[in-house]
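Here is the structure we will look at.
The values are calculated or read from the model by the stated rules, or taken from the named source; none is laboratory data. None of the values given here were measured: they were computed from a predicted structure. We place every Cβ from the backbone using ideal geometry, glycine too, and count neighbours over all the protein chains shown. Each accessible area value is taken on the protein alone, full model and side chains, heavy atoms only, with ligands, DNA and RNA left out. Shrake-Rupley method; radii C 1.70, N 1.55, O 1.52, S 1.80 Å.
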Amino acid sequence: MRRNDRLFQLLRILRDGKLHRAADLAEALGVSPRTIWRDMAVLMERGLPVSGERGIGYLLRDPVTLPPMAITKDEFEVLRLGITLVAGAADPVLARAAESLRAKIAAVSPADAGDTGSDTFVFSSAEAARAAPHLGLIRRAVREHLTLALSYRNAPATRVRPLHLDYWGKLWTLTSWCEYSNSFKVFRVDLVTSLKHDGGAFLPEPGKTVEDYLARIAPA
């Protein structure tokens, strides 16, 4: 976690006005007490009303008011539903990020728009749960242009250039360029039996990009 994100989380915790021990804050954020000591010093240097010291604990002397986001209620509804959908999408990394974003939005939202989805539930499918172990690697490969060795159901292993990952509310699909068949292929991620980075990388080439795929399937 980057320092600025950690400082934000510390302020969110301290906003309850209670005294918090450095050890408890460290456990909550997954860092050492020494890191908490340094972070508290930074907050004090920035002029925030934080009081405390090592061995005693820390608290906010006065409320910290962050400026409300200029977002309409309809826009908050979109955020609310989107965050809840991602939180239930069976990708543990994105689920944690969604919960963190939910907390950040709640912390800076006006009182009449602070509902961030606690009353909405999106149930992940069994297919999404089976896809979850592969999603982190696929996202990284799409972002960094890494080639992947992929085995699919009973088919032989192949080498793909991952281009785009989509979630359809039940299924995750991977749009890719298959280097063995020299063509575009779309895989259901829940049917992938094995997946690993084979050490290769690629540069986007004309005719082999996701834009080319979308142009190919677009209705005439």
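What number of residues within region 181-220 satisfy the criterion of being in a loop (DSSP other than H, G, I, E, B), open to solvent by 70 Å² or more (accessible area, probe 1.4 Å) and either under 21 Å from H134 (Cα atoms) or in contact with a Phe, Trp or Tyr (Cβ under 6 Å, 6 or more places away or on another chain) (or both)?
The number of residues fulfilling the criteria is 0.
Among the residues in region 65-87, are any at pLDDT below 65, closer than 17 Å to L10 by Cβ and assigned to a loop (DSSP other than H, G, I, E, B)?
Yes, there is a match, as at least one residue in region 65-87 is at pLDDT below 65, closer than 17 Å to L10 by Cβ and assigned to a loop (DSSP other than H, G, I, E, B).
Is there any pair with a first residue in region 185-201 that is over 18 Å from R140 (Cα atoms) and a second that is buried (at least 16 other Cβ atoms within 10 Å of the Cβ) and among the polar types (S, T, N, Q) whose Cβ atoms are under 6 Å apart and which are 6 or more apart or on different chains, and what are they?
Partner pairs satisfying both residue conditions: K185/S176.
Counting just the residues of region 1-35 that are of a type in the set (A, V, I, L, M, F, W, C) and over 18 Å from S100 (Cβ atoms), which one comes out least open to solvent (accessible area, probe 1.4 Å)?
Initially, region 1-35 is screened for residues of a type in the set (A, V, I, L, M, F, W, C), giving 1, 7-8, 10-11, 13-14, 19, 22-23, 25-26, 28-29, 31.
If we keep only those that are over 18 Å from S100 (Cβ atoms) as well, we get 19, 22-23.
Working: L19: 99, A22: 15, A23: 46 Å².
Residue satisfying both the conditions and the ranking: A22.
Look through region 150-172, keep the residues that are without any contact (Cβ under 8 Å) to a residue 40 or more places away in the chain and assigned to a strand (DSSP E or B), and return whichever of them is surrounded by the fewest Cβ atoms within 10 Å (Cβ to Cβ).
For region 150-172, the residue satisfying everything is D166.
Given (1) at pLDDT 80 or above; (2) in contact with a helix residue (DSSP H, G or I) (Cβ under 9 Å, 6 or more places away or on another chain), identify the lone condition not met by A107.
Condition (1) is where A107 drops out.
So A131 passes all but one of these: (1) at pLDDT 90 or above; (2) of a type outside the set (D, E); (3) open to solvent by less than 20 Å² (accessible area, probe 1.4 Å). Which condition number does it fail?
(1)
Considering T175, T147, which residue is open to solvent by less than 20 Å² (accessible area, probe 1.4 Å), touching a strand residue (DSSP E or B) at 6+ places or on another chain (Cβ under 7 Å) and more than 30 Å from I83 (Cβ to Cβ)? It would help to see each step written out before you state the result.
Numbers: T175 fails: more than 30 Å from I83 (Cβ to Cβ).
Residue meeting the stated conditions: T147.
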